[in-house]
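Worksheet for the structure shown next.
The values are calculated or read from the model by the stated rules, or taken from the named source; none is laboratory data. Everything quoted here is computed from the prediction, not taken from an experiment. A quick note on method: Cβ atoms are made from the backbone with ideal geometry, for glycine too, and the neighbour counts reach across all protein chains shown.
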2 protein chains.
Amino acid sequence: MDRSIFFLDQDKMPTHWYNIQADLPEPLPPPLHPGTKQPVGPADLAPLFPMEIIKQEVSQERYIEIPDEVQAIYRTWRPTALHRAYRLEKALDTPAKIFYKFEGTSPPGSHKPNTAVAQAYYNKKEGVKRLTTETGAGQWGSSLAFACNLFGLELKVYMVKVSYNQKPYRRMMMETWGAKCVPSPSPDTKAGRDVLAEDPDCPGSLGIAISEAIEDAATSKDTHYSLGSVLNHVLLHQTIIGQESMLQMEMAGYYPDIIIGCVGGGSNFGGMFLPFIKDKISGKKRDLRIINVEPTSCPTLTKGLYAYDFGDAAGMTPLLKMFTLGHGFMPPPVHAGGLRYHGMAPIICHLHKLGLVEAQAVPQVATFAAGVQFARTEGYISAPETNHAIRVTIDEALKCKETGQSKVILLAHSGHGHFDMAAYESYLTGKLTDYAYPEEKVKEALASLPEVTTA
Amino acid sequence: MDRSIFFLDQDKMPTHWYNIQADLPEPLPPPLHPGTKQPVGPADLAPLFPMEIIKQEVSQERYIEIPDEVQAIYRTWRPTALHRAYRLEKALDTPAKIFYKFEGTSPPGSHKPNTAVAQAYYNKKEGVKRLTTETGAGQWGSSLAFACNLFGLELKVYMVKVSYNQKPYRRMMMETWGAKCVPSPSPDTKAGRDVLAEDPDCPGSLGIAISEAIEDAATSKDTHYSLGSVLNHVLLHQTIIGQESMLQMEMAGYYPDIIIGCVGGGSNFGGMFLPFIKDKISGKKRDLRIINVEPTSCPTLTKGLYAYDFGDAAGMTPLLKMFTLGHGFMPPPVHAGGLRYHGMAPIICHLHKLGLVEAQAVPQVATFAAGVQFARTEGYISAPETNHAIRVTIDEALKCKETGQSKVILLAHSGHGHFDMAAYESYLTGKLTDYAYPEEKVKEALASLPEVTTA
């Protein structure tokens, strides 16, 4: 019987992260200080991040060793399984070969702990006692809670209030791992109090939660801030996914023709495709297609402007050169909370600008149709974010059926949907709707980009 | 770095289930017809079960081949990982070596699909078009929904009403896999209507739900009934767990001294220990300890009577010789819904009577303390049922600390607790309580055992 799971033995687990900066055809545009508009230096970031992470952010070394302590914790659930989706292939009657790398078996249920563990480790090592962060739907907050608990760090998570109320299970996960989680806007920070004074019933936003977490870290003793996506070091930590996948695809006897993943901040998919894209850059696999999938309602790569913008809504972070819908843009309330972000990882944007990766936007209802088809063939119930990638995987497989081509598709499956069942019910009962691309809102948000963009 | 996960390659996945009936020192007491009190024959069971399963129920063959179609679906998530719990060992400062076999990575999140897939397959093969079943907390209902969907069988699940309302996510899972799920008591059966006529607000019970599912199967065309635990064929299908574990323990270089698991109907733990107990029976590992863990509030093995009793509350099933608290016993509402059962698998009861396995009862709060300790060391958040086994695993490891013995403990980890976070919150906020052993209620229930018990 053909193998449908390719387990990688722990003895073969990669011991280094892969750093794409060593192989970029052109260097990344540097992040700029929001005040001076000059490239930020390590000193600018030191109040928020440990020095080892600041170094990784700009490192040009090709491989960076994964500390033993981090590897030991990865080995709680890693290497994750690479699956062959035989039943989905059969249901689609496609000659395509579909593989998926499944990150849903980590204790928090997604790829997020790959960086959470590393960040907690470096902070602990440099004497930090406490971290702060924000979370939307809770994937990131619960992953950092899991990681901080293992290193004996305190954690306070500012969770967007509407999610805090809608998804109590994610909050309870954080508490089970010993973290403190408060609804944002909260009375605990000036940023939160200001918002509450103006609107006591404010449902919160990721932007406000970031502002609260940063203020808390900057004004508290022995406290740092931690970010779950977008930045170079976060993508670096996630490359464990792609490196394992390369070895597992080799075990399966194939090399992918198309790699597909969903992108919000871009860390999951970056982690998957970066180790492969060096083969495209080097010419070893020139025709490799890499497809970033985003929601129609928050189409950063497909409709955004490539410009310097803030990473957060309040304008406190360094300016990042990225495709952006404007830091003031408030995406519609799609269920894929992890994809509701105005910007995108500078590394992915740079590669997109260079024409090395593609992007597609897909509407919400079609992603759940794909997710249900996946659940009814492959079994696993996927996160709403992942359903975006599954949609395009199915679309590409169906194209193969038309053309008769037997392409090899590798899907980055970022996690399970156990805490998103209400969204599935909404779809199954016909209540789920699509959100049109909010063109006017984006125009408005893009009008207030920081000035450097025109410099 | 030492391996903490032992992956078993799919090429080495066992291709046969192990049937303990071939190796029992004394044969099992036969099930009796509830009317005649004579041993039931295949014809008595044919209205509810496919013939292949009826044969398995009484088979004396040592190994029964797993059909290719079932193996192919097992291979969606199997072989499951065997983990070494290094961080838990360290936290306990014990010389014990703790391993856990983790069934939480199956699509429904527990061991239940091991038998659900087999039962759906045999029913499909014999031309059945539709199955019915009951479910409490929803682990079993969702597993059978997953399995029926893959074989194109219709499924109707009668879900205990109180759980239907409290755990809507489990219902939504079933619906995502295409099953129909109704709250029980329902107006769809005579059994349900009778209860509703007397008490329109009845919260339901597993006993009532079984009666509804059996009535539906017996009175509908092309419809069979499916049971998720207790019976011999269910334990047989679960032996894939123990057989994989044997190979994985061999990879790890150890043989267990103590095997620990939680028991409600007994299928998860039976599936784990049966392949090992043959070594105890044969004398190869005479001192192997096998500990069945049950709730103090529903202590079937530790306080029950070994007698013939009905499997369901309404008295519709054959009489099974088992430890029982009386089929009329209504267990207190502990969070471990899967352990709220008055009886126990006849195979486990027989082995207990023969002195080949032990049993321990543990109170609820202590099980959650253990579950939180496990989550904060090993990472995974476990089902409330599993927490019972974790409690005794920790207790045994602490005994090793006292005695200085380096025992090898194998824990049967039956599944994750993603749909039980409310129970964790209740524990973390100090609201969780213990339930005393309801001695008077058990006495009352045992007083109404069917007459054969005294024969």
Looking at segment A:359-433, what helices (runs of 4 or more DSSP H) fall wholly within it and have at least 1 residues that are touching a Cys at 6+ places or on another chain (Cβ under 7 Å) and at pLDDT 95 or above? A:384-403
Could you check A:V58 against (1) farther than 19 Å from A:P346 by Cα; (2) among the aliphatic types (A, V, I, L, M); (3) touching a residue at least 24 places away in the same chain (Cβ under 8 Å) and say which number it fails? (1)
For segment B:427-436, what are the residues that are away from chain A (no Cβ under 14 Å), closer than 27 Å to A:K180 by Cα and not hydroxyl-bearing (S, T, Y)? B:D434
If B:A252 meets every condition in (1) assigned by TED's automatic domain parsing to the domain that holds B:E358; (2) closer than 28 Å to B:I53 by Cα apart from one, which number is that one? (2)
If A:E154 satisfies all but one of (1) in contact with a helix residue (DSSP H, G or I) (Cβ under 6 Å, 6 or more places away or on another chain); (2) more than 13 Å from chain B (Cβ to nearest Cβ), what's the number of the condition it fails? (1)
Looking at B:G311, B:G328, B:G304, B:G315, which one is at pLDDT below 95, buried (at least 23 other Cβ atoms within 10 Å of the Cβ) and of a type outside the set (A, V, I, L, M)? B:G311
What are the residues in segment B:370-392 that are in contact (Cβ under 8 Å) with a residue 24 or more places away in the chain, more than 19 Å from A:S106 (Cβ to Cβ) and either over 18 Å from the mean Cα position of the chain (by Cα) or within 14 Å of chain A (Cβ to nearest Cβ) (or both), if any? B:A370, B:Q373, B:P384, B:N387
For A:P25, which of the numbered conditions (1) away from chain B (no Cβ under 14 Å); (2) surrounded by fewer than 16 Cβ atoms within 10 Å (Cβ to Cβ); (3) of a type outside the set (G, A, S); (4) farther than 20 Å from A:I347 by Cβ fails to hold? (4)
Condition (residue is modelled with pLDDT of 95 or more and within 23 Å of B:H416 (Cα to Cα)) applied to segment B:332-344: is it met by at least one residue? yes
Keeping to segment A:3-20, report how many residues are at the interface with chain B (Cβ under 7 Å from one of its Cβ atoms) and either crowded, with 23+ Cβ neighbours inside 10 Å or touching a Lys or Arg at 6+ places or on another chain (Cβ under 6 Å) (or both). 2
Any residue that is more than 9 Å from every other protein chain (Cβ to nearest Cβ), under 30 Å from A:E69 (Cα atoms) and of a type outside the set (S, T, N, Q) - is there at least one of those in segment B:56-74? no
All but one of (1) assigned to a helix (DSSP H, G or I); (2) of a type outside the set (V, I, T); (3) within 20 Å of B:I241 (Cα to Cα) hold for B:H352; state the number of the condition that does not hold. (3)
Test B:S186 against the criterion of being touching a helix residue (DSSP H, G or I) at 6+ places or on another chain (Cβ under 6 Å), in contact (Cβ under 8 Å) with a residue 60 or more places away in the chain and assigned by TED's automatic domain parsing to the domain that holds B:W140, and give yes or no. no
Looking at the structure I just gave you, is B:A445 out of contact with any Asp or Glu (no Cβ under 8 Å at 6 or more places or on another chain), within 14 Å of chain A (Cβ to nearest Cβ) and part of a helix (DSSP H, G or I)? no
Give, as residue ranges, the strands (runs of 3 or more DSSP E) completely inside segment A:275-337 that count at least 3 residues that are under 21 Å from A:G136 (Cβ atoms) and among the aliphatic types (A, V, I, L, M). none
Segment B:398-426, subset polar (S, T, N, Q) and closer than 26 Å to A:T176 by Cβ, residue farthest from the other protein chains (Cβ to nearest Cβ): B:S414
Filtered residue count, segment B:356-369, keeping only those that are away from every other protein chain (no Cβ under 12 Å), under 20 Å from A:M172 (Cβ atoms) and either surrounded by 21 or more Cβ atoms within 10 Å (Cβ to Cβ) or acidic (D, E) (or both): 2
Evaluate the following for A:V334: is it more than 14 Å from chain B (Cβ to nearest Cβ), closer than 23 Å to A:E444 by Cβ, touching a residue at least 24 places away in the same chain (Cβ under 8 Å) and of a type in the set (V, I, T)? yes
Identify, by number, the condition in (1) surrounded by fewer than 24 Cβ atoms within 10 Å (Cβ to Cβ); (2) touching a Lys or Arg at 6+ places or on another chain (Cβ under 8 Å); (3) under 30 Å from A:A85 (Cβ atoms) that B:S143 doesn't meet. (1)
Elements of type strands (runs of 3 or more DSSP E) in segment A:114-230, at least 1 residues being aliphatic (A, V, I, L, M) and either touching a His at 6+ places or on another chain (Cβ under 6 Å) or farther than 20 Å from B:T377 by Cβ (or both): A:130-135, A:154-160, A:180-184
Conditions (1) within 20 Å of the chain's Cα centre (by Cα); (2) surrounded by fewer than 18 Cβ atoms within 10 Å (Cβ to Cβ); (3) without any contact (Cβ under 8 Å) to a residue 40 or more places away in the chain: number failed by B:K399: (1)
